Amino acid sequence: MPKFLLMVNHDCGVFDEPMDQWEPADIAAHFDYYSALGRELADSGELSRFTALADPQLAKIVRADGTDAPPLVTVGPFPETETTHFLAGFHVLDVASEARALEIAARISAVPGPGGAPTQRPVEVRQVMTDHRGDNTPY
């Protein structure tokens with residue numbers, strides 16, 4: 001079965017206010033939705049991994065030149081990059097087809113926001129590359 005990476009970015013979808021400004025009940029409903037979906041995908045054997053990431057304010061960018069010199073570490077926030085381009089979390093799926101990965105991505109995009117309305121957050125779907133031997137072993 002192919003593996004797919006579903007990447008959810010930090011974009012608030014159709015809502016202008018970031019999650020830290022939502023009502024507590026809306027935040028709880030948001031995470032309850034993710035928990036229920038995660039349990040369903042784990043029970044079906046389709047979920048390999050789900051990880052939510054900390055706020056982009058805590059991000060760091062590392063650049064190294066390949067020498068013994070210490071790497072350059074830049075601490076966020078990064079004014080040159082909008083926070084909407086930061087990864088909020090990701091899912092790794094073992095699914096039967098790309099169509100199934102897209103179906104799950106649509107459910108993730110529909111996670112509830114304020115008032116229970118779907119956030120319509122963008123979810124990028126990428127197939128995990130297999131190695132050059134062609135035996136479907138992920139790199």
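The values are calculated or read from the model by the stated rules, or taken from the named source; none is laboratory data. This is a predicted model, so every value here is computed, not measured. All Cβ positions, glycine included, derive from the backbone under ideal geometry; neighbour counts span all protein chains shown. Remember, those area values only see protein heavy atoms, side chains included, never the ligands or the DNA or RNA. Shrake-Rupley method; radii C 1.70, N 1.55, O 1.52, S 1.80 Å.
How much of the accessible area of the chain, probe 1.4 Å, is carbon plus sulfur, in whole percent? That share works out to 55 percent.
Extension gain for V73-D32 works out to 11.2 nm (0.36 nm per residue, less the C-alpha to C-alpha distance).
Tell me the label only: which of (i) 42; (ii) 19; (iii) 32 is percent of Cα pairs over 24 Å apart as calculated from this structure? Answer label, from the structure shown: (i).
Given the rule -39500 (n - 2.57) for each run of at least 4 DSSP H residues, summed and divided by the residues of the chain, what is its mean residue ellipticity at 222 nm, to the nearest 500 deg cm²/dmol?
Calculated from helices alone, the mean residue ellipticity at 222 nm is -8000 deg cm²/dmol.
Here the chain is assigned +1 on the Cβ of each Lys and Arg and -1 on the Cβ of each Asp and Glu. Its dipole about the Cα centre then comes out at about 380 debye.
Probing with 1.4 Å while keeping every protein chain in the model, the per residue accessible area of the chain equals 64 Å².
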